[in-house]
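The values are calculated or read from the model by the stated rules, or taken from the named source; none is laboratory data. Note that the structure is a prediction, hence the values are computed from the model and not measured. Positions of Cβ are generated from backbone atoms using ideal geometry, with glycine treated the same way; all protein chains shown enter the neighbour counts.
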Amino acid sequence: MKPSVALPLVLFALLALLALPVRAEFKRPDAAGRAQALGDISAEPEPLRRLLEPDGDFYPITLPRSNDWLGVHYEPGQTFAAYRAAKPNRPDATRRVIYLLPIGEFDEDTSPPLDEIRAYAAAYFQLPVKILPAYDPHDLEFEPRKNPRSGQRQILTTSVEAFLKTRLPDDAYCLLGVTMTDLYPSPKWNYVFGEATLVDRVGIYSFARYDPAFRGDERGADYHDLILRRACKVMTHELGHMFGLEHCIYYDCLMNGANDLEEMDGTPRSVCPVCLRKLHECIGFDAVKRYEQLLALCERHHWYNDVDWINAQLAKVRPPAKPAARASREDAPATKT
Ligand SMILES: [Zn+2]
Ligand SMILES: [Zn+2]
């Protein structure tokens, strides 16, 4: 009897093993793959073409660790040609305002200043960004729960999105709710930073987790700046999705997926040539003016890495400075009279 029972068991175990999902290892696109993703930029107008040149200012995407986004999720990548073929939503003359609707309280001590986020998003996408008067939900609105692990209060993303759909202004390209309350997308999930629906043009994002104190970590002296930097990055990443950009697998880029705050902190605030070309295709901005405005903001916030990087971009499109004119007669060569 024994063998006849054991054999099906062994076979079952083998079949179960074969049925396990095989996690495909991320294959980093090589130079040819990156070039193919960017497409032929030779016909792009100057100075945009020079800003799209995939030079040494852009790093091929860092290989993921096993717990990083690309270590866990398979993403095929979205080339510029695929982006264009997907016919993403576009802002037009009647619908071009990005609205932010604060939901609940924004305590100065733990919240990013909304006006700074507004200014950053306006420069990033070269579109008007407006903040609506804050909405104060009652205690039981948006299906609140206590997180089963941490006990912290959370609200349900889909419930907020249903509300936002009823508040979409006529001239809105999109409406994003922003809140300091933590979010959950369904009862099975622990938490989520944010969620958006492209079709309905609404989304909800929480800044609750950007403060180190949320997890009980110690706040550094610069934690206000850390909260603002994280909020600006996530807001622009999520808005990128609203313009139809999928996650980037080509370069280190704002549009890289991230599994957690640490991974997100490691991604740049800038977009790579592939994603810049998509954004430009969608919005049609002046790429030089965009960098100039972002430079002014980064200088004001003392974000010097960004300042240096943006200055390097602008140097590509500015004529070299002429030698300084002679300042005084003393410098002039002696002449015979
Ligand atoms: Zn994303
Ligand atoms: Zn990119």
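Filtering Cys253, Cys232, Cys275, Cys282 for residues that are assigned to a loop (DSSP other than H, G, I, E, B) and touching a residue at least 24 places away in the same chain (Cβ under 8 Å) leaves a single hit, Cys253.
When the residues of the stretch 261-272 are filtered to those that are in contact (Cβ under 8 Å) with a residue 24 or more places away in the chain and of a type in the set (D, E, K, R), the one that is nearest to ligand 1 (Cβ to nearest atom) is Glu263. In this structure, Asp170 qualifies as of a type outside the set (Val, Ile, Thr), out of contact with any strand residue (DSSP E or B) (no Cβ under 9 Å at 6 or more places or on another chain), under 23 Å from Thr236 (Cα atoms) and not in a helix (DSSP H, G or I).
Considering only residues of the stretch 281-291 that are under 18 Å from Glu46 (Cβ atoms) and buried (at least 19 other Cβ atoms within 10 Å of the Cβ), which is nearest to ligand 1 (Cβ to nearest atom)?
So the first thing to find is which residues in the stretch 281-291 are under 18 Å from Glu46 (Cβ atoms), and the list is 281, 284-291.
From what's left, buried (at least 19 other Cβ atoms within 10 Å of the Cβ): 287, 290-291.
Numbers: Ala287: 23, Arg290: 21, Tyr291: 23 Å.
The residue in question is Arg290.
One residue alone among Ala315, Ala327 is aliphatic (A, V, I, L, M), at pLDDT 95 or above and out of contact with any strand residue (DSSP E or B) (no Cβ under 9 Å at 6 or more places or on another chain), and that residue is Ala315. Quick check on my filter: what residues within the stretch 77-136 are out of contact with any His (no Cβ under 9 Å at 6 or more places or on another chain) and of a type in the set (Gly, Ala, Ser)? Selection gives Ala81, Ala82, Ala85, Ala86, Ala93, Gly104, Ser111, Ala119, Ala121, Ala122, Ala123, Ala134.
For the stretch 242-260, the set of residues classified as closer than 22 Å to Arg201 by Cα and either of a type in the set (Val, Ile, Thr) or within 11 Å of ligand 1 (Cβ to nearest atom) (or both) consists of Met242, Leu245, Glu246, His247, Cys248, Leu254, Met255, Asn256, Gly257, listed by residue number. Among the conditions (1) outside any helix (DSSP H, G or I); (2) within 16 Å of ligand 2 (Cβ to nearest atom); (3) crowded, with 21+ Cβ neighbours inside 10 Å, Gly240 misses just one, which is (1).
Going by what's in this entry, would Thr157 be described as surrounded by 15 or more Cβ atoms within 10 Å (Cβ to Cβ) and of a type in the set (Ser, Thr, Tyr)? So Thr157 passes the test.
Yes/no matrix, rows are residues, columns are (1) β-branched (Val, Ile, Thr); (2) over 28 Å from Pro148 (Cα atoms):
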position	(1), (2)
Ile204	yes, no
Phe207	no, no
Asp211	no, no
Gly220	no, yes
Ile227	yes, no
Glu238	no, no
Gly244	no, yes
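Would you call Arg229 more than 16 Å from ligand 2 (Cβ to nearest atom), under 20 Å from Arg269 (Cα atoms) and out of contact with any strand residue (DSSP E or B) (no Cβ under 9 Å at 6 or more places or on another chain)? For Arg229, the condition - more than 16 Å from ligand 2 (Cβ to nearest atom), under 20 Å from Arg269 (Cα atoms) and out of contact with any strand residue (DSSP E or B) (no Cβ under 9 Å at 6 or more places or on another chain) - is met.
Condition first: under 17 Å from Gly71 (Cβ atoms), within 9 Å of ligand 2 (Cβ to nearest atom) and touching a helix residue (DSSP H, G or I) at 6+ places or on another chain (Cβ under 8 Å). Can you find one or more residues in the stretch 277-296 that meet it? Walk me through how you get there before you give the answer.
In the first step, residues of the stretch 277-296 are kept if they are under 17 Å from Gly71 (Cβ atoms); the result is none.
Within the stretch 277-296, not a single residue is under 17 Å from Gly71 (Cβ atoms), within 9 Å of ligand 2 (Cβ to nearest atom) and touching a helix residue (DSSP H, G or I) at 6+ places or on another chain (Cβ under 8 Å).
Restricting the stretch 180-222 to residues that are among the acidic types (Asp, Glu) and part of a strand (DSSP E or B) leaves a set whose member that is modelled with the highest pLDDT is Asp182. Quick one: is Leu294 over 19 Å from the mean Cα position of the chain (by Cα), surrounded by 13 or more Cβ atoms within 10 Å (Cβ to Cβ), within 23 Å of Pro45 (Cβ to Cβ) and not β-branched (Val, Ile, Thr)? So Leu294 fails the test. All of Leu101, Leu140, Leu63 fail the test of being out of contact with any Cys (no Cβ under 6 Å at 6 or more places or on another chain), closer than 19 Å to Leu239 by Cβ and not in a helix (DSSP H, G or I), apart from Leu101.
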